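Comments concern the structure below.
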Amino acid sequence: MPESSLVKDIHSNECGAAPSRQYSQSLPLHRSSYLLGTFCTEQNVQECLSHISQEVSSLGLPPAWKDSAGSSQLNVVAVLNCMYDLIQLHRKGLRTLENMEVEQLKLSSNVDYLQFTSTRLKEQLEISKRENTGLLERERQLQMKVKSLQNCLKNEKEEVQKLQNVIASRASQYNHEMKRKEREFNKLKERLNQLLIDKKEKKQAIDVLNSIGRADGKRSLWKTEKTEAKHEGEMYKTILSDYDTRQRELMLENAELRKVLQHMKKDIVSILGSKKLTTKGEKPDDGCLQADSEEEDEVFNSSMESVELSCVHVREKLTNSIRLQWRRLKSHVERLDSQASVAQMGENENSDAVTRETDKEEMDRLKLEIQQCKNFIQTQQQLLQQLSSPCDEETASLLSNCYMLQEKDRLRDEWKTLEEQRKIFERERRNFTEAAIRLSCERKTFEEDRAMWLKHQFLKFSPFEESKKFQMSKSKSAFLISESQVGSGSTTDMLIRRPSDTTSPTHCVPLATTDLHCTPSTSSTKPKRNTEHEEGLMLCNGNSCNGHAPLQWNKSEDHSSHTQEINSSL
Amino acid sequence: MNFSEVFKQSNQLCKVSPDGKYLATCVQYRLVVRDMSTLQILQLYTCLDQISHMEWSSDSLYILCAMYKRGLIQVWSLEQPDWHCKIDEGSIGLVSSRWSPDGRHILNTTEFHLRITVWSLCTKAVSYIKYPKACQKGLDFSRDGCYMALAERRDCKDYISVFVCDDWHLLRHFETETQDLAGLEWSPNGCVLAVWDSCLEYKVLLYSLDGRLLSTFSAYEWSLGVKSVTWSPSSQFLAIGSYDEKVRILNHITWKKIAQFEHLGTINNTKAVVYKEVERKTAVCSDDLSLHNITIGSTLFNTQSKYEICPLPVQIPVVKPDPDRANPKIGVSFMAFSSDSHYLATRNDNMASVVWVWDMQKMSLEAVLEQTSTVRCVQWDPRRPRLALCTANSKLYLWSPAGCVSVQVPSEGGFQVLSLNWHCSGDSLILLGKEQLCLCYMDTDQEDK
């Protein structure tokens, strides 16, 4: 039955939560306009009663009735009171609802109004902020202007100061000059006064002893038109020669500079020409190739026509072409630089390929070279090590001595030869000494023989044999001593010892001469002769024996012939 | 380096003959001529009054002695000591006197620059030149001695007269575009005449030998202008020193400025070498302080000095000139080229103890020499690039591209070197003190630092 189900629904609704009761109640109230009388039926009066009493008590109203058991008699008063309370409650509720609605309206209008004002104020704020920044900006600009104007003012002041200083210095300079001129003027006035007073005027005079000639020796000429013209001519000549030299110098300088420019141009052209083969497909290059060929022609042409280079047109052409080439070279170098940087980053472009390839080839070549050099160095190091490492003693000594061996051998041989020579010399010397000794012995014997012979001769004529013999032997012994002393060295010593004995070439025969001396002079004083004899002996030993006797051994013989004689005599 | 003994001289008049064989000095009113190599006195002449000016003739045969106060000139002959010549200017007075380049004429400038009298020693004739201008350098002879340029002023205008020195024939006479001509100078090749205005206007005019105006140069206006002008010996450059402490170099082809040298108070950022003279007082122990030593004086108070190379940046001592005085001590007043035109030595007047040497090939500063006191005289060796300078103490300073050296001049009484002159051969120097002179013979080797 739909109505009962509806009732159950209501119940279930009513048994729900308290706060939703009003709504749930309003719903059913709403519905209850259709369902009035359907809540309570005759069957469920008690239930409805209890339910209503519960509700009423929950609303806070006094209970409508007492639960009497099983009586369906309603307390009408209570019910009416209850109904009245309920209606009052309802009315109060409606009133509060109205108030609240009014309140809400008011509040919402307030909110609207506030929102409106807030937006308005925000806009105002924005506007004023913008104005503020604008004003700040203007202030800043004005401050800058003020600063610059202050600087200007300072500069102007400085300039004014400078100009004032200048004026002051000029003024002081003018004053100084004025004073100087005034002083001079005063001096002039004084001098003029003095001259007017002074009657005797000292005239100018020159007093020369005699005129001297001109410095260049020529005679001075009269001043005529010819000389004047000559002077003019000379003056112009000097000016012209000066201009000539200057022009020559400038021409030389120009020629040099032109040469330098041409060299530069040639170099640039050659550089660019070689590069053109590597770089491809660039528009300006194509255009330039033609121009380049033109330029090259021009280069050769201009070298031929060096004379015409003084022409302005050609000069301009040359400088322009150099500028063009230089610009091209510069752009090319810039391009290369960019390419190199790009290549470093590793991008692969067509135009890069060629340059990179060439770079790669270069790199490989260089690497190979480096490897070769390294190998070379290594082998060298090894060899050096071998050399410097300590080897066994034999080889070490050999090595250390190997350079010296040859020398040593040579030296040994030389030493040997020297030794042999020394021995030979020794032998020879010994021979010589022996010979000398033998010679002296022989001489001694010879002298003895001769003495004997002479004695015999003399004794034939003189009575003093015995004494003579004795003295002779004495003298002889003295001589022998001296001779032995002398003859111990080489025979040449004797030769040298008689420098003053010039007249008597007979050097080694003092014995003979003195002997001869003493023999004829014995006729005179005898005792004296002994001393004389001894003296003579002494003298003959040291110096010349010329002073003694005319009897000299005049034979100009040398040692060998004398010995021969001796030998022959023996 | 050898030094000769000290001789007397007066008035800083000591000149070597142009052929380099003789040395003439003035002692009061006497003229002493010595042989250059032996320093023996060859001739002794006596003049009538104290000699104010002395000059050799160009052929080294005659000497001119001028006595300005008396207005007299006496000329002496070296070959004939008996020959005499006396020129009396009379009441007109004498302000300056000089030889003509041929050595046979004497040009006397009378007092107040009224006229120039040309006396001929050959003919005893006289000629007059009127209205010469009294200025810094109003008269100049060309180097070959052919022409003479004279500044004249008539009716408040400047003129230049060019005379032929042979017969004093007036070759050219033209007006110059100057306000107040201050000086003129022939170029060494004798073809260009540089004319500059007074310091109130910066203007340098270049005239050719025949009087045509070749060019005008003016660096700035209003401030004080040109202070000094000098030609390079090759006639290639004209150096103009001005009151703004700068030197401007003009070239002889375009007569435009090719370089500008500034004398800054702080030197940095150059490749130049800065030499600074450093003095060291010699330490004296108490034993030496005997009366004998003090009376001798020189050894006690002699200070050793040597050059030190200063690292950059260097501050140069600057003396600000008095702004109220005329001819202020500021600007480049001294400039000199070396004989090969390679170097230019300059001096800025407000840095008076500093000499600047510029390289003309690189157009940059080569060396800076900072002395302890004001530099008095700077001269280039006539043969090689060697600079000698003195600062009124007893030392001689030499600079060459190899280095710098300071030499003590040995003398007993303390010899203050006030000026110096090179001998024309470049082998010896003549040092002039207040009353003394001394010769310095150079070695043929190079100096070292």
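Given the residues B:97, B:60, which is the only one that is open to solvent by less than 10 Å² (accessible area, probe 1.4 Å), at pLDDT 90 or above, at positive phi and more than 10 Å from chain A (Cβ to nearest Cβ)? Full working, then the answer.
Numbers: B:97 fails: at positive phi.
Matching residue, one of B:97, B:60: B:60.
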Residue set B:42, B:31; condition assigned by TED's automatic domain parsing to the domain that holds residue B:94, modelled with pLDDT of 90 or more, crowded, with 18+ Cβ neighbours inside 10 Å and part of a strand (DSSP E or B); output residue B:31
Q. Any residue at all in the range A:160-179 that is open to solvent by 90 Å² or more (accessible area, probe 1.4 Å) and more than 11 Å from chain B (Cβ to nearest Cβ)?
A. yes
Checked against (1) modelled with pLDDT under 90; (2) hydrophobic (A, V, I, L, M, F, W, C); (3) surrounded by 10 or more Cβ atoms within 10 Å (Cβ to Cβ), residue A:387 satisfies every condition except (3)
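Looking at the structure I just gave you, is residue A:144 aliphatic (A, V, I, L, M), open to solvent by 100 Å² or more (accessible area, probe 1.4 Å), within 14 Å of chain B (Cβ to nearest Cβ) and out of contact with any helix residue (DSSP H, G or I) (no Cβ under 6 Å at 6 or more places or on another chain)? Let's see the steps before the verdict.
On the way: aliphatic (A, V, I, L, M): yes; open to solvent by 100 Å² or more (accessible area, probe 1.4 Å): yes; within 14 Å of chain B (Cβ to nearest Cβ): no; out of contact with any helix residue (DSSP H, G or I) (no Cβ under 6 Å at 6 or more places or on another chain): yes.
Answer is no for this residue.
Kindly evaluate residue B:220 against the criterion of being outside any loop (DSSP other than H, G, I, E, B) and in the same structural domain as residue B:349 (by TED's automatic domain parsing). Talk me through it step by step, then tell me what you get.
Numbers: outside any loop (DSSP other than H, G, I, E, B): no; in the same structural domain as residue B:349 (by TED's automatic domain parsing): yes.
Spelling it out, it is not the case that residue B:220 is outside any loop (DSSP other than H, G, I, E, B) and in the same structural domain as residue B:349 (by TED's automatic domain parsing).
Residues to consider are B:69, B:86; find the one that is among the charged types (D, E, K, R), outside any strand (DSSP E or B), open to solvent by 10 Å² or more (accessible area, probe 1.4 Å) and under 30 Å from residue B:33 (Cα atoms). Don't jump to the end; show me each part of the working.
On the way: B:86 fails: outside any strand (DSSP E or B).
B:69 is the lone residue from the list that is among the charged types (D, E, K, R), outside any strand (DSSP E or B), open to solvent by 10 Å² or more (accessible area, probe 1.4 Å) and under 30 Å from residue B:33 (Cα atoms).
Working only within the range B:238-276, note down all residues that are part of a strand (DSSP E or B) and within 14 Å of another protein chain (Cβ to nearest Cβ). I'd like the intermediate steps shown before the answer.
Step one: filter the range B:238-276 for residues part of a strand (DSSP E or B), giving B:238-242, B:246-251, B:257-262, B:266-267, B:273-276.
Of everything in the range B:238-276, those that are part of a strand (DSSP E or B) and within 14 Å of another protein chain (Cβ to nearest Cβ) turn out to be B:242, B:251.
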Those residues of the range A:65-84 which are open to solvent by less than 90 Å² (accessible area, probe 1.4 Å), at pLDDT below 80 and either in contact with a His (Cβ under 8 Å, 6 or more places away or on another chain) or closer than 18 Å to residue A:39 by Cα (or both) amount to A:72, A:79
- Message: Any residue that is more than 7 Å from chain B (Cβ to nearest Cβ) and assigned to a helix (DSSP H, G or I) - is there at least one of those in the range A:197-218?
- Response: yes
Those residues of the range A:245-263 which are within 12 Å of chain B (Cβ to nearest Cβ) and open to solvent by 80 Å² or more (accessible area, probe 1.4 Å) amount to A:247, A:249, A:253
Going through the range B:303-322 in order, the residues found to be within 30 Å of residue B:414 (Cβ to Cβ) and open to solvent by less than 70 Å² (accessible area, probe 1.4 Å) are B:303, B:305, B:307, B:310, B:316, B:317
For strands (runs of 3 or more DSSP E) lying entirely in the range B:337-449, having 1 or more residues that are touching a residue at least 12 places away in the same chain (Cβ under 8 Å) and either under 20 Å from residue B:316 (Cα atoms) or outside the structural domain of residue B:309 (by TED's automatic domain parsing) (or both) picks out B:343-348, B:354-359, B:364-370, B:377-380, B:387-390, B:395-400, B:403-408
Quick check on the range B:25-47. Is at least one of its residues among the polar types (S, T, N, Q) and within 14 Å of chain A (Cβ to nearest Cβ)?
no
Log entry, pairs with first residue in the range B:83-103 being of a type in the set (Phe, Trp, Tyr), second being buried (at least 17 other Cβ atoms within 10 Å of the Cβ) and part of a strand (DSSP E or B), beta carbons closer than 7 Å, six or more apart or on different chains, reads B:83/B:77; B:99/B:55; B:99/B:64; B:99/B:106
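Condition check ((1) out of contact with any helix residue (DSSP H, G or I) (no Cβ under 9 Å at 6 or more places or on another chain); (2) in a helix (DSSP H, G or I)) across all residues:
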{"residue": "A:115", "(1), (2)": "yes, yes"}
{"residue": "A:130", "(1), (2)": "yes, yes"}
{"residue": "A:137", "(1), (2)": "yes, yes"}
{"residue": "A:140", "(1), (2)": "yes, yes"}
{"residue": "A:177", "(1), (2)": "yes, yes"}
{"residue": "A:195", "(1), (2)": "no, yes"}
{"residue": "A:222", "(1), (2)": "yes, no"}
{"residue": "A:227", "(1), (2)": "yes, yes"}
If we ask which residues in the range B:121-155 are in a strand (DSSP E or B), of a type in the set (Ser, Thr, Tyr) and surrounded by 21 or more Cβ atoms within 10 Å (Cβ to Cβ), their number turns out to be 1
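Name the one entry in A:280, A:266, A:230 that is at pLDDT below 90 and within 12 Å of chain B (Cβ to nearest Cβ).
Working: A:280 fails: within 12 Å of chain B (Cβ to nearest Cβ); A:266 fails: within 12 Å of chain B (Cβ to nearest Cβ).
So the residue among A:280, A:266, A:230 that is at pLDDT below 90 and within 12 Å of chain B (Cβ to nearest Cβ) is A:230.
The values are calculated or read from the model by the stated rules, or taken from the named source; none is laboratory data. For clarity, every value in this text was computed on a predicted model and none was experimentally measured. No Cβ is skipped: glycine too gets one built from the backbone with ideal geometry, and neighbour counts run over all protein chains shown. Just so you know, the surface numbers come from the protein's heavy atoms only, side chains and all, with ligands and any DNA or RNA stripped out. Shrake-Rupley method; radii C 1.70, N 1.55, O 1.52, S 1.80 Å.
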